[in-house]
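Novice: A single structure is presented below for examination.
The values are calculated or read from the model by the stated rules, or taken from the named source; none is laboratory data. Model, not experiment: these values are computed from the prediction. Every residue, glycine as well, gets a Cβ built from its backbone with ideal geometry; the counts of neighbours run over all protein chains shown. Accessible surface areas use protein heavy atoms only, side chains included; no ligands, DNA or RNA. Shrake-Rupley method; radii C 1.70, N 1.55, O 1.52, S 1.80 Å.
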Amino acid sequence: MRAARTAYPLKWRIMDALEGIAAAIWPARFRRATPYLMLLPAVLLVGLLVLGLIQIADASLRTLDTTTFQFSDDYSIANFRRALTEPLFLVVAQRSLVAALIVTAVTLVFAFPYAYLMVRTRSPRLRKFLLIALFLPFFIGQVVRAYGWLIILGNQGMVNEALGLIGVAPMRLIYNYPAVLFGLVQYMLPFAVLMLAPALTAIPEELEAAAGSLGANWVRTFIHVVLPLARPGFIGAGVVVLTLSLTDFAVPAILGGGSQDFIANAIYDQFFRTSDQGLGATLALMLVALGSILVGLVFALFGAGTLAMGRSRA
Amino acid sequence: MQEPFRAGASREAEGGREIAVTVRNVGMDFDGIHAVKNASFDLPKGRFLTILGPSGSGKTTLLRMIAGFQTPSSGEIFINGEAVSAVPPHKRSIGMVFQRLALFPHMTAAENVAFPLKMRRRDARTIPERVERYLALVRLGGYGGRRIHELSGGQQQRVAIARALVFEPDLLLLDEPLAALDRKLREEMQLEFRRIQRELGVTTINVTHDQREALVVSDDIVVMDQGEIQQKARPIHTYRQPRNAFVANFIGVTNFIAGTVRSVSEGGDVSILRGALTLAGKIGDPVNPPAEGGKASGAIRAEQIRLAGDAAQLSKLDCVLAGTVIDTIFEGERMVYEVACAAIGDEVIRVFDHDPAAHKQFDIGESVFLGWNARDMLVFR
Ligand SMILES: Nc1ncnc2c1ncn2[C@@H]1O[C@H](COP(=O)(O)OP(=O)(O)O)[C@@H](O)[C@H]1O
Ligand SMILES: [Mg+2]
């Protein structure tokens, strides 16, 4: 009896029962449709997104009559002309784009050693510590974290107090561009590490030992072996950090204190402050376009295959 | 075991050849596990040494210490007479072929072979010609442009060898690179290793758990077990004069008959008592000989035992036992008989018949006689 139970565990019996139920609901002759059925939720979600985009496209072509607060019935490209000519929007766009590029570069540089150490360390305790340290900020949330930085970096904050102790006058560490960049890098680091780690795990350690025995010091091993093989990870992490930074709202809003608006903040202002949904929609569309062009550029330069998509070539 | 390899080492010293590698009292501990214990040997220039041992015996650890990937917990390794503990791998002149090859998947075969030359800043103009020469050496001429995954297992093997040799290292290390290949290819590559090694004369240390490979390719064999070197000798000596029961058991098919030592003579003759039976043999390990009255076991190779239907045919042999065939295993080039002998408590003795077509065959259940010569039985304590 006991032997029978171990030879055919409860888990399998439950699976049998579930399979029986599934067969009753979804007979075998429907089976060819199963893959499509599984795709359905994703298709629906993407479909909704497309519908929303169409709506936004529609809104972007209508101008706001500032006397009546009504939207025009006929289409015009006036909003696009405004978005492309008004200096404010150009400044905001440039600020977001430059920030996204800087943040991406800095984050990847910082994330790599972290991910490398986490993957390669022989000490399970250190690995666990690094993982927890990585996930902790996720639990805190972006807004709370940004406020935390306000407290730490503010005029009466810990950093300025510490500087005071060594005789440095209080400095303005927040509500400026570097503060926003700093906050973004700190926010993006875990994403980048999490995307780099699997790519590094996929590189056999023996390859690095081999490079060593073939005469490469660690710098050259890194340049000629680790970096090229980790490329899918860098591309993936780079795309994620780039798009997340480009479209970020909370960090520029809180750490920039209104003086360092990104595109998302400008869109927010149009929708909820000036109530010009037309212009807001236009800015949103242009942000989508900018992001798509950037990602498209990355894929064109490095190939989508580098994201380990498509069948593995190795 | 006190310096069981001493005889082999001194023979080399007498030969007067330059020593390429000296391993002196090297030990390696991994938090409590002694992976390698007090290992010592000398390897003269140009020779092919194989470290042979079962899985987990410390072979890879010893090799990695020579390559510089690990620092010995104790002892010192000398390459060309210089202590190398403080020298990182990339500053040692060592070519290594790894267990899983470790070819760079993002490079072509030629780029893999060119890599060590580039890393060692060789003149860029000479690199292509040199790469082509070494690809030709491993019979891969014209394959340089292939990516690694476009090559077969055997071809990848050859790329790895070319890559390890192209910069003319002082020492070539091989960590079971053939273990993953099927038998036919493995045997082909073993001969290939031997050919290339002889052609270039590069000092080589090969690691394997495959006794056949060790016998086929090596000038010398170091047998390891549980982190300790059991014997260092030429293949033929390792096989014919194993220094202890482990070596006798690990290499070849050996029958052991345990008993009590009755007498030991000056000339190396031993006789052991097993029940009513007295077995004559030779001392297996002169450094650690069996003592009168102590326990010992006689080791006799399966191919050194003759099998016959009646005892008269075996009258020229020193020791003859009666038994019953309990199994026959046909292995193609030989027949293996398993024979239970009543005189030694129905213990099973394995016997090879290397020419089954020419000899009388025995069936399971048949009564037979076994015989061997006293000089073929080695007695270990
Ligand atoms: N890095 C390591 N950490 C801890 N133990 C190790 C390490 N490397 C090897 N060992 C242990 O050392 C012993 C010898 O291993 P190894 O040299 O790989 O043997 P072999 O190559 O002969 O199979 C084994 O018991 C193994 O578990
Ligand atoms: Mg090994």
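Novice: From the set of residues in the stretch B:99-113 that are open to solvent by 30 Å² or more (accessible area, probe 1.4 Å) and more than 26 Å from the chain's Cα centre (by Cα), which is farthest from the other protein chains (Cβ to nearest Cβ)?
Specialist: Taking the candidates together, the pick is B:111.
Novice: Same structure, new question: So which strands (runs of 3 or more DSSP E) are wholly in the stretch B:274-338 and hold at least 1 residues that are open to solvent by less than 60 Å² (accessible area, probe 1.4 Å) and closer than 20 Å to residue B:367 by Cα? Spell out the reasoning first.
Specialist: Working: elements: B:277-283, B:295-301, B:306-308, B:319-330.
Those strands (runs of 3 or more DSSP E) span B:277-283, B:306-308, B:319-330.
Novice: Which residues, counting only those in the stretch B:55-76, are part of a helix (DSSP H, G or I) and away from ligand 2 (no atom under 16 Å from the Cβ)?
Specialist: If the condition is that a residue be part of a helix (DSSP H, G or I) and away from ligand 2 (no atom under 16 Å from the Cβ), then no residue fits.
Novice: Would you be able to say whether some residue in the stretch B:175-182 is open to solvent by 60 Å² or more (accessible area, probe 1.4 Å), away from chain A (no Cβ under 14 Å), within 16 Å of ligand 1 (Cβ to nearest atom) and touching a Ser or Thr at 6+ places or on another chain (Cβ under 8 Å)?
Specialist: Initial filter on the stretch B:175-182 (open to solvent by 60 Å² or more (accessible area, probe 1.4 Å)): B:180, B:182.
Applying the additional criterion that residues be away from chain A (no Cβ under 14 Å) yields B:182.
With the extra rule that they be within 16 Å of ligand 1 (Cβ to nearest atom), the set shrinks to none.
Looking for residues that are open to solvent by 60 Å² or more (accessible area, probe 1.4 Å), away from chain A (no Cβ under 14 Å), within 16 Å of ligand 1 (Cβ to nearest atom) and touching a Ser or Thr at 6+ places or on another chain (Cβ under 8 Å), one finds none in the stretch B:175-182, hence no.
Novice: Quick one: is residue A:193 crowded, with 18+ Cβ neighbours inside 10 Å and within 14 Å of another protein chain (Cβ to nearest Cβ)?
Specialist: Values: crowded, with 18+ Cβ neighbours inside 10 Å: yes; within 14 Å of another protein chain (Cβ to nearest Cβ): no.
Criteria not met by residue A:193.
Novice: Only one of (1) open to solvent by 20 Å² or more (accessible area, probe 1.4 Å); (2) facing chain A (nearest Cβ under 10 Å); (3) in contact (Cβ under 8 Å) with a residue 40 or more places away in the chain is not met by residue B:118, so which one is it?
Specialist: With respect to (1) open to solvent by 20 Å² or more (accessible area, probe 1.4 Å); (2) facing chain A (nearest Cβ under 10 Å); (3) in contact (Cβ under 8 Å) with a residue 40 or more places away in the chain, residue B:118 is out only on (3).
Novice: Restricting to the stretch B:68-79, count the residues that are within 14 Å of chain A (Cβ to nearest Cβ) and surrounded by 21 or more Cβ atoms within 10 Å (Cβ to Cβ).
Specialist: Within the stretch B:68-79, residues that are within 14 Å of chain A (Cβ to nearest Cβ) and surrounded by 21 or more Cβ atoms within 10 Å (Cβ to Cβ) number 2.
Novice: A follow-up question, please. So the check is Cβ under 9 Å with 6+ separation or different chains; which pairs have a first residue in the stretch A:270-293 that's on the phi < 0 side of the Ramachandran plot and open to solvent by 50 Å² or more (accessible area, probe 1.4 Å) and a second one that's in a helix (DSSP H, G or I) and aromatic (Phe, Trp, Tyr)?
Specialist: What qualifies is A:277/A:271; A:286/A:80; A:286/A:89.
Novice: In the list B:197, B:190, which residue meets the criterion of being more than 14 Å from ligand 2 (Cβ to nearest atom) and within 16 Å of the chain's Cα centre (by Cα)?
Specialist: On the way: B:197 fails: within 16 Å of the chain's Cα centre (by Cα).
The match here is B:190.
Novice: May I pose another question? How many residues does the stretch B:145-174 hold that are open to solvent by 10 Å² or more (accessible area, probe 1.4 Å) and over 25 Å from the mean Cα position of the chain (by Cα)?
Specialist: Result for the stretch B:145-174: 9.
Novice: Applying the selection to the stretch B:39-51, what residues are more than 12 Å from ligand 2 (Cβ to nearest atom) and crowded, with 16+ Cβ neighbours inside 10 Å?
Specialist: Of everything in the stretch B:39-51, those that are more than 12 Å from ligand 2 (Cβ to nearest atom) and crowded, with 16+ Cβ neighbours inside 10 Å turn out to be B:39, B:40, B:41, B:42, B:43, B:44, B:46, B:47, B:48, B:49, B:50.
Novice: Moving on. Do we have any residue at all in the stretch B:350-362 that's open to solvent by less than 50 Å² (accessible area, probe 1.4 Å), in contact (Cβ under 8 Å) with a residue 12 or more places away in the chain and closer than 18 Å to residue B:275 by Cβ?
Specialist: So far as the stretch B:350-362 goes, no, none of its residues is open to solvent by less than 50 Å² (accessible area, probe 1.4 Å), in contact (Cβ under 8 Å) with a residue 12 or more places away in the chain and closer than 18 Å to residue B:275 by Cβ.
Novice: Count, please, the residues in the stretch A:200-217 that happen to be crowded, with 20+ Cβ neighbours inside 10 Å, facing another protein chain (nearest Cβ under 7 Å) and among the small types (Gly, Ala, Ser).
Specialist: So the answer is 5.
Novice: Failed condition for residue A:84, given (1) open to solvent by 60 Å² or more (accessible area, probe 1.4 Å); (2) at pLDDT below 90; (3) of a type outside the set (Phe, Trp, Tyr), with all others met?
Specialist: Of (1) open to solvent by 60 Å² or more (accessible area, probe 1.4 Å); (2) at pLDDT below 90; (3) of a type outside the set (Phe, Trp, Tyr), only one is false for residue A:84: (2).
Novice: Next question, about the same structure. Could you grab the pairs with beta carbons closer than 8 Å, sequence gap of 6+ or different chains, first residue in the stretch B:80-98 and more than 8 Å from chain A (Cβ to nearest Cβ), second one β-branched (Val, Ile, Thr) and open to solvent by 40 Å² or more (accessible area, probe 1.4 Å)?
Specialist: B:81/B:19; B:85/B:71
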